[in-house]
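> For reference, the structure I am asking about is given below.
The values are calculated or read from the model by the stated rules, or taken from the named source; none is laboratory data. Everything numeric here is computed off the predicted structure, so don't read it as measured data. A quick note on method: Cβ atoms are made from the backbone with ideal geometry, for glycine too, and the neighbour counts reach across all protein chains shown.
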Amino acid sequence: MKKALRIIGLIAAGSLLASCGLFGDEDEELEPMELVDIDQVVKVKKIWGSKVGGKSEFLRVALRPASDGSRIYAASYDGNVTAYDPESGSQVWRTELDIELTAGPGVGEGYLVVVAKDGFAVLLNTSTGEEMWRADIAGESLAKPLIKGNSVIVQTIDNRIQALSVFDGDSRWSIVQTSPALTMRGSSSPVNVGNTVIAGFDSGRLVCADIDNGTIIWESLLSPPKGRSDLDRLSDIDGSMALVGQDLYASGYQGRLAAIAAESGQILWNREISSYEGAAADWTSVYTVSADGEIVALGRQNGNESWRNGSLLRREPTLPVPFGTTVVVGDLEGYLHFFNTIDGEAVARVRIGGGAITADPFVMANRLFVQSDSGQLVAYVLVEDRPKRTAAENAEDES
């Protein structure tokens, strides 16, 4: 189902997909793997929850919580944008835009930007929620927008990235890449490195550009298309990219996961892993989820595989996001799964609700924020359970 939902044919898609048997009886889908009981080694505590807005099931939009370090911001498909206190979950402000939203929020420089289904970017003031402007970006966006300096960076599904003026929304520059005949539904979110922005495209290519003027600094082919049919040659870079220091980590569908030098575009190492969701990283490891739902950890310096967990096959897990001593993923039934970063063993599981979780979990300090497709936003912490000390042990320490 995940593949069927994501694939969009730009040229003669219907006949192509039918000929490939994606929707026929010849290729009957396997059911999601059933969950088995686990030992709850780690205690996960819910600290607050809130209803952001309406449902977005099956739409695969790019709505995920964001933060400026002092507040948590979330947007819903039915047009609500809300600021919360991250500690208590109390609402600071809410703005109802009366439009359907598909991406955001992106936060920076005292502003917040979301993107509407009808092809408009909307900028809000983070202090008050006041709308500053709306700008026509002439396309649908499924990528988290970026605010840096005087620019709002937006990427649309037609293989175009553009910069808008943060002051009035006027276009500053744009870069367009050639679209393949067949692509996945989605876009990777642009990443800021210094005064540059790095974006991934459906051609399997990464492009680094100057934020101020759009000058291309380097291009790198992450996932070269291969095969004879358009379906075989899918190599989109649609998932999240991770940045640690000057090292960028990205992956493509039916392609590679690679470490790239952000200043030059040089590929430092790569591994043959197909992923819709992209890559996340901490100081020691890179984490991804394969196209069929295996959670994979690789060494950050050399790309050697550390562990692999197949307990969520076909459950459409999100990107594994580092959180404390765990990595956490959501799934199609609203469960959050926590895995030990050392060996990949499942250590905890909680359920946010009945709606699927398709947006990557978001971590701010020691808190985890998760937004479900049913419009719920929930905050969690990991609770360290320490064995109670006996009176004799306390007396021994005091002596």
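> What's the number of the condition F201 fails, among (1) at pLDDT below 95; (2) of a type in the set (F, W, Y); (3) more than 23 Å from the chain's Cα centre (by Cα)?
F201 satisfies all of (1) at pLDDT below 95; (2) of a type in the set (F, W, Y); (3) more than 23 Å from the chain's Cα centre (by Cα) except (3).
> Scan the range 352-399 residue by residue and report those that are of a type outside the set (D, E), out of contact with any Gly (no Cβ under 9 Å at 6 or more places or on another chain) and at pLDDT below 80.
R386, P387, K388, R389, T390, A391, A392, N394, A395, S399 - these are the residues of the range 352-399 that are of a type outside the set (D, E), out of contact with any Gly (no Cβ under 9 Å at 6 or more places or on another chain) and at pLDDT below 80.
> If I filter the range 291-311 for residues that are over 24 Å from A66 (Cβ atoms), in contact with a strand residue (DSSP E or B) (Cβ under 6 Å, 6 or more places away or on another chain), at pLDDT below 95 and outside any strand (DSSP E or B), do I get at least one hit?
No, because not a single residue in the range 291-311 is over 24 Å from A66 (Cβ atoms), in contact with a strand residue (DSSP E or B) (Cβ under 6 Å, 6 or more places away or on another chain), at pLDDT below 95 and outside any strand (DSSP E or B).
> So, in the range 274-316, how many residues would count as being in contact (Cβ under 8 Å) with a residue 40 or more places away in the chain, among the charged types (D, E, K, R) and within 19 Å of A259 (Cα to Cα)?
Of the residues in the range 274-316, 3 are in contact (Cβ under 8 Å) with a residue 40 or more places away in the chain, among the charged types (D, E, K, R) and within 19 Å of A259 (Cα to Cα).
> Given the criterion out of contact with any strand residue (DSSP E or B) (no Cβ under 7 Å at 6 or more places or on another chain) and either of a type in the set (D, E, K, R) or in contact (Cβ under 8 Å) with a residue 24 or more places away in the chain (or both), identify the matching residue among G344, G265, G334, G255.
G255 is the lone residue from the list that is out of contact with any strand residue (DSSP E or B) (no Cβ under 7 Å at 6 or more places or on another chain) and either of a type in the set (D, E, K, R) or in contact (Cβ under 8 Å) with a residue 24 or more places away in the chain (or both).
> For the range 324-381: of the residues being polar (S, T, N, Q) and within 21 Å of S76 (Cα to Cα), which is surrounded by the most Cβ atoms within 10 Å (Cβ to Cβ)?
Here the answer is Q371.
> Let me ask something else. Can you say whether E96 is modelled with pLDDT of 95 or more, out of contact with any strand residue (DSSP E or B) (no Cβ under 6 Å at 6 or more places or on another chain) and farther than 26 Å from V197 by Cα, as far as the supplied structure shows?
No, not satisfied.
> Considering only residues that are surrounded by fewer than 23 Cβ atoms within 10 Å (Cβ to Cβ), under 22 Å from D158 (Cβ atoms) and of a type outside the set (G, A, S), which ones fall in the range 110-136?
K117, D118, F120, R134, D136
> Of everything in the range 144-171, what is among the charged types (D, E, K, R) and assigned to a loop (DSSP other than H, G, I, E, B)? Give them in sequence order.
Hits for the range 144-171 are K144, D158, D168, D170.
> While we're here: For the range 206-256, which fully contained strands (runs of 3 or more DSSP E) count at least 3 residues that are buried (at least 17 other Cβ atoms within 10 Å of the Cβ), more than 18 Å from the chain's Cα centre (by Cα) and at pLDDT 95 or above? Walk me through it before giving the result.
Numbers: elements: 216-221, 242-244, 247-251.
Qualifying strands (runs of 3 or more DSSP E): none found.
> Can I ask one more? So which residues in the range 262-281 are under 16 Å from S187 (Cα atoms) and outside any strand (DSSP E or B)?
S274, S275, Y276, E277, A279
> Could you please find all residues in the range 82-100 being within 22 Å of L142 (Cα to Cα) and in a loop (DSSP other than H, G, I, E, B)?
L97, D98, I99, E100 - these are the residues of the range 82-100 that are within 22 Å of L142 (Cα to Cα) and in a loop (DSSP other than H, G, I, E, B).
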